[in-house]
Amino acid sequence: MDYDPIPTVVPAEPLDVEADTTNLRAAMKGFGTDEQTIIDIITARSNAQRQLIKENFLREYGRDLIDDLKSELGGKFEDAIIALMMPPVKYLCTQLHRAMAGMGTNESTLVEILCTKSNEEMVEIVKCYEDMYDRPLAEHMCSETSGHFRRLLTLIVTGVRDPVGAVDAQKAVEQAQQLYSAGEAKLGTDEEVFNRILAHGSFAQLRLVFDDYKQLSGQTIEQAIKHEMSGELHEAMMAIVPYLDSIETKGVLER
């Protein structure tokens with residue numbers, strides 16, 4: 001059976017911002033916290049609706065809703081509720097910063113976020129990150145990564161990917177041949193060729209390239225990457241392929 005993704009959080013209809021604001025304030029006022037009310041409201045509203053509630057909370061009470069939630073909650077429950085209250089792009093920037101803060105770097109988080117974003121999404125993330133942390137994302141990322149992995153992420157962050165839906169069938173055939181020549185057809189691997197193609201092509205273009213690659217080599221691109229790459233670079237490239245499959249299932253890719 002084909003997977004048909006169904007949203008688990010949909011906008012509340014009708015939305016009563018005033019009632020939600022009042023009930024959230026009551027849930028956190030005085031002794032103790034009514035966690036069930038917080039869950040019932042926040043998890044049953046879309047992110048856009050949560051932002052309306054947050055704005056109204058500030059107007060009505062002169063208090064920041066997120067600050068109040070932080071003071072009343074704790075542990076993983078607090079983390080989950082605060083994440084739900086943040087606009088998506090701010091949440092992603094928070095996770096990117098956390099992945100690079102302190103000792104060591106969580107490369108998996110960088111891969112999960114950066115390797116699955118279109119140019120339009122990356123522009124928004126890059127701007128938001130610098131606004132939040134007063135430091136360019138690319139600069140911070142370059143200081144925490146190295147080698148071909150850093151080069152791939154740098155290409156993605158600097159917005160070189162072709163526009164959504166951009167497809168060139170003949171170019172896809174040529175790029176599939178370039179990938180084959182840079183990997184399976186030679187001793188060693190030319191990682192720069194893989195970086196260039198996977199970072200520049202629109203997701204729709206990459207789908208064509210990967211299909212042509214299978215026809216050319218008899219192997220899937222996943223098999224080629226597994227054989228030719230290792231470490232963080234392998235992880236980053238492998239993240240792109242299932243992402244293409246997932247958005248194709250949802251009808252995002254254009255043929």
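Observations on the model:
- Projected-area mean, the range 17-85, by convex hull of Cα positions, square nanometres: 4.0 nm²
- The range 88-158: relative contact order as a whole-number percent, Cα under 8 Å and 6+ apart: 34 percent
- Taking the average, over residues, of other Cβ atoms within 10 Å as the packing measure, peptides 56-68, 112-124 rank 112-124, 56-68 from highest down.
- Among residues other than residue 126 with Cβ under 12 Å from its Cβ, the summed charge is -3 (Lys and Arg +1, Asp and Glu -1).
- Nonlocal amide H pairs with residue 202, under 5 Å, H built at 1.01 Å: 162
- Positive-end residue, the chain charge dipole about Cα centroid, Cβ charges, pick of 82, 93, 27: 93
- For the chain, calculated [θ]222 nm from helices alone, where every DSSP H run of n ≥ 4 adds -39500 (n - 2.57): -21000 deg cm²/dmol
- R0 of 30 Å, Cβ-Cβ distance residue 186-residue 160: FRET efficiency to nearest 0.05: 0.75
Here, each number is a calculation from the coordinates, and none is a lab measurement. On a predicted model such as this, the values are computed, not experimentally measured, just so you know. Every residue, glycine as well, gets a Cβ built from its backbone with ideal geometry; the counts of neighbours run over all protein chains shown.
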